[in-house]
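To start, the structure itself, in structure tokens.
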């Protein structure tokens, strides 16, 4: 039996996980939908907009804002732009140049757009090569990220698990790949310190199992090497 288009994670937070390959490796991807206090929806890392997914999203409320939070989470944003022309579409820094074909509302900065206030905070993690911006849902104390914390060690694909083992990816954000992903260690330290000021309980990952509790500790453990020395 197929998985439902959207599954609840917390009060007002819904996710869906889909197959997705990156550099030939099946790593999956996860979209997050947040119901804002005003009744509209915020969509993070949109997946392919098939009819079942659109029906499930529309049943929750009107889409008011969509974020492509990483340089590598933009593949389906065009079809969402076409389907929801009245919504805002926000790009991580640099994505507006990579995808000039999309009519972006703007680029994500240090403060959340008015459309997602007062429910969500954001913070740049642009020290990584993906130029990511991560989000924090205040009511449920949930951090939502794309590539900032990857965990493929328990992926159903044996090949993916083997690649994860070779990378040392035995926990969210762990492994050798993270040393490559972070281009500016000093900036990363400042940005992680800022994110860690959030009272994070759960974390929704795009690639790997979600973290239902202990989120702040998970974040700090993943980036302990950045803060060391």
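So here's what we get for this one:
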item	result
Sole residue being in a loop (DSSP other than H, G, I, E, B) and closer than 20 Å to residue 11 by Cα, chosen from 70, 37	37
Filtered residues of segment 165-215 (kept if assigned to a helix (DSSP H, G or I), surrounded by fewer than 20 Cβ atoms within 10 Å (Cβ to Cβ) and within 16 Å of the chain's Cα centre (by Cα))	181
Positions within segment 57-86 being in contact (Cβ under 8 Å) with a residue 40 or more places away in the chain and crowded, with 18+ Cβ neighbours inside 10 Å, in sequence order	57, 64, 65, 67, 69, 70, 71, 72, 73
Residue among 161, 99, 138, 154 that is in contact with a helix residue (DSSP H, G or I) (Cβ under 9 Å, 6 or more places away or on another chain) and without any contact (Cβ under 8 Å) to a residue 40 or more places away in the chain	99
Evaluation of residue 81 against (1) at pLDDT below 95; (2) touching a strand residue (DSSP E or B) at 6+ places or on another chain (Cβ under 9 Å) (one fails), failing number	(1)
Leading residue by the ranking (farthest from residue 89 (Cα to Cα)) among those in segment 109-123 that are touching a residue at least 40 places away in the same chain (Cβ under 8 Å), in contact with a strand residue (DSSP E or B) (Cβ under 9 Å, 6 or more places away or on another chain) and in a loop (DSSP other than H, G, I, E, B)	119
Sole exception among (1) surrounded by fewer than 17 Cβ atoms within 10 Å (Cβ to Cβ); (2) more than 21 Å from residue 15 (Cβ to Cβ); (3) out of contact with any helix residue (DSSP H, G or I) (no Cβ under 6 Å at 6 or more places or on another chain) for residue 113, by number	(1)
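Conditions tested, residue by residue: (1) closer than 22 Å to residue 195 by Cα; (2) out of contact with any strand residue (DSSP E or B) (no Cβ under 9 Å at 6 or more places or on another chain).
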{"residue": "51", "(1), (2)": "no, yes"}
{"residue": "57", "(1), (2)": "no, no"}
{"residue": "69", "(1), (2)": "yes, no"}
{"residue": "98", "(1), (2)": "no, no"}
{"residue": "102", "(1), (2)": "no, no"}
{"residue": "125", "(1), (2)": "yes, no"}
{"residue": "129", "(1), (2)": "yes, no"}
{"residue": "134", "(1), (2)": "yes, no"}
{"residue": "139", "(1), (2)": "yes, no"}
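The values are calculated or read from the model by the stated rules, or taken from the named source; none is laboratory data. Note that the structure is a prediction, hence the values are computed from the model and not measured. Note: ideal-geometry Cβ built from the backbone for every residue, glycine included; neighbour counts use all protein chains shown.
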